[in-house]
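Written below as structure tokens is the structure these notes are about.
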Amino acid sequence: MGCEVDAGAPGTGGIPSGAFFSVFFNHRNTVAKFATAPARAAATGDVGPDEHLHGAPMDLSNANYLIYAEGALGVLSSKTATSAIRYLPERVAAVIDSTKAGRTVEAVLGFGGDIPVVASLEEGLSAGRVRPTALLVGVAPRGGQLPPGAVETLVRAASSGLDLVSGLHQYLSDIPEVREAARASGAAIVDLRRPPADLPVSTGLARNVDALTVLMVGTDCNLGKMTAGLEICRGLRERGERAVFVPTGQTGILIEGWGIAIDAVISDFTAGAAERLVLEGAQRAGPDGIVVVEGQGSLIHPGYSGVTLGLLHGSLPEAMILCHDVARTKIRSEGVYDWVRMPSLPEMVRIYESVAGWLRPASVIAVALKTNDVSEAEARDAILKVEAETGLPATDPVRFGPEPLVEAIRSFAASRREARRVAPVAG
């Protein structure tokens, strides 16, 4: 399930093919097996014998996944797994988590249907609903490193012929035993988070696109900024808008088939990466389109605010959707960030609008809430409270549908189009 329009069009916006990341996805979700090569080599095909894995093209849109989520299957503890289950369910064979084996994904997560949870790789290969063709690393622990015991499973998976797909900061193609197992069997390694080598420093080009750019922002990490953005994008398309979702994280890239993992980019080029993505998204959406940019981190997060700021100033949005977990009163951590005060939502609106305004005025126009940890009655009460506090439309786009957020964007876009139409006369 995707939110992209005109998927077969060239639409590069003057950006060189293969420039997004070293394992480059084009509009048809194809990927070359150049996981260990630098981005420029991957784009040109000029790689040596030690810089590729069997060179044949791989189409991730046809991949069926056995998901590795050992000891971690959960909405917050395995975001990549749960997002693949939510948006690519027909292509998930099974999930590996021995601590929950014998149950269905639906029983564990509350969605996902009858996808089985199995105890081992071998069980997943034989007990899945469909025949898996790739092992997807579905966990995203802090720091992006593989959990203990994972390498052995990855080696066995590659040796069995499964392709390996990962969005961790620790690149599978840099682990010698994994790389050699894949090379021996002919399996591909796809490191979704590996960034391109030719990213520019931002020069503010995103401010010139004709499409409306909307950035998802948040009060914390792990709030569902990607999920809310995907749901909004789907709702916009259902209302006839040309909407494009711009992935800035590994899971969004997995779902949409293109993008750059912003948090893996050297800090000098973070804004440049965001700029490049917006230019591409705007080219795909067209002049009257809407570009919904996946948010990352939070401006008040001590660990990840730098990524958030680079994304904000590189994408130069005109509108923002603020995301918040109604059950969260402090930054999510194991006590590490308890010293950080969580501002009120009106304060967060002012923070984002102020910081965005350093370079370009931008308004928070709606609030996307995460309410899965409270009852339906509590969720509806929270929505009303947030609307009263902020004066903005609010909803949980997963639980109750994205319509209020969609209408806020459509109203903003309509006013913008009218202002741009009469601007020459007014001037």
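No value in this document is a laboratory result; all are computed from the given coordinates. What you see is a predicted model; the values in this text were computed from it and never measured. FYI the Cβ positions are ideal-geometry reconstructions off the backbone, even for glycines, and counts take in every protein chain you see.
Taking θ = phi - 60°, what integer Hz values does the Karplus form 6.51 cos²θ - 1.76 cosθ + 1.60 yield along the range 123-138, in sequence order, with x for Gly and Pro?
My calculation for the range 123-138 gives 5, x, 5, 9, 9, x, 5, 10, 6, x, 10, 8, 9, 9, 6, x Hz in order.
Cβ under 11 Å from Arg86's Cβ, Arg86 left aside: what net charge do those residues give with Lys, Arg +1 and Asp, Glu -1?
0
Quick one: Karplus J couplings for the range 362-373, per residue in order, coefficients 6.51, -1.76, 1.60, θ = phi - 60°, nearest Hz, x for Gly and Pro?
8, 10, 7, 10, 6, 10, 9, 9, 10, 10, 5, 8
List the extent of the Cα atoms of the range 205-426 along each of their three principal axes, largest first, rounded to whole Å.
51, 39, 34
Over the range 205-426, what is the relative contact order in whole percent, taking alpha-carbon pairs under 8 Å and six or more residues apart?
Relative contact order of the range 205-426: 24 percent.
Could the peptides 185-196, 115-126, 410-421 be put in order, highest first, of the mean number of other beta-carbon atoms found within 10 Å of their residues?
Averaged packing, sorted descending, gives the order 185-196, 115-126, 410-421.
Name the residues whose placed amide hydrogens come within less than 5 Å of the amide hydrogen of Ala140, ignoring near sequence neighbours (fewer than 5 apart) on the same chain.
Lys79, Thr80
Once you have all Cα-Cα distances for the range 276-398, histogram them in 10 Å bins from zero and send the whole-percent values.
Computed distribution, short to long bins: 12, 38, 36, 13, 1.
Please state, as a whole number in µm²/s, the translational diffusion coefficient that the Stokes-Einstein equation yields for the range 344-399 at 37 °C and 0.692 mPa s, with Rh defined as the Kirkwood radius across alpha carbon pairs.
Translational diffusion coefficient: 270 µm²/s.
Counting pairs of alpha carbon atoms under 8 Å apart in space and at least six apart in sequence, what relative contact order in percent does the range 113-183 give?
Relative contact order comes out at 30 percent.
With only Lys, Arg, Asp and Glu charged, each at its Cβ (+1 for the first two, -1 for the last two), find how big the charge dipole of the range 255-379 is about the Cα centre; round to the nearest 20 debye.
Taking the Cα centre of the range 255-379 as origin, the dipole is about 240 debye.
Would you please put 87-93, 210-216 in order of how densely packed they are, using the mean number of other Cβ atoms within 10 angstrom per residue and starting with the highest?
My ranking of the peptides, most packed first, is 210-216, 87-93.
Output ³J(HN,Hα) for the range 207-213: one whole-Hz value per residue in order, computed from phi by the Karplus curve 6.51 cos²θ - 1.76 cosθ + 1.60 with θ = phi - 60°, and x for Gly and Pro.
6, 9, 6, 6, 5, 7, 9
The range 313-358: which trypsin sites (Lys or Arg not before Pro) are DSSP loop and have at most 15 other beta-carbon atoms within 10 angstrom?
Those satisfying the criteria are Arg328, Lys330, Arg332, Arg341.
Could you please state, rounded to a whole Å, how far the C-alpha centre of the range 318-388 is from the C-alpha centre of the range 65-101?
Cα centroid to Cα centroid, the span is 27 Å.
Can you give me the long-range amide H partners of Cys323? Hydrogens built in the peptide plane at 1.01 Å from N, cutoff under 5 Å, separation of 5 or more residues or another chain.
Val217, Gly218, Thr219, Ala368
What net charge is computed for the residues neighbouring Ala119, neighbours being all others with C-beta under 10 Å from the C-beta of Ala119, Lys and Arg scored +1, Asp and Glu -1?
Neighbour charge sum, excluding Ala119 itself: -3.
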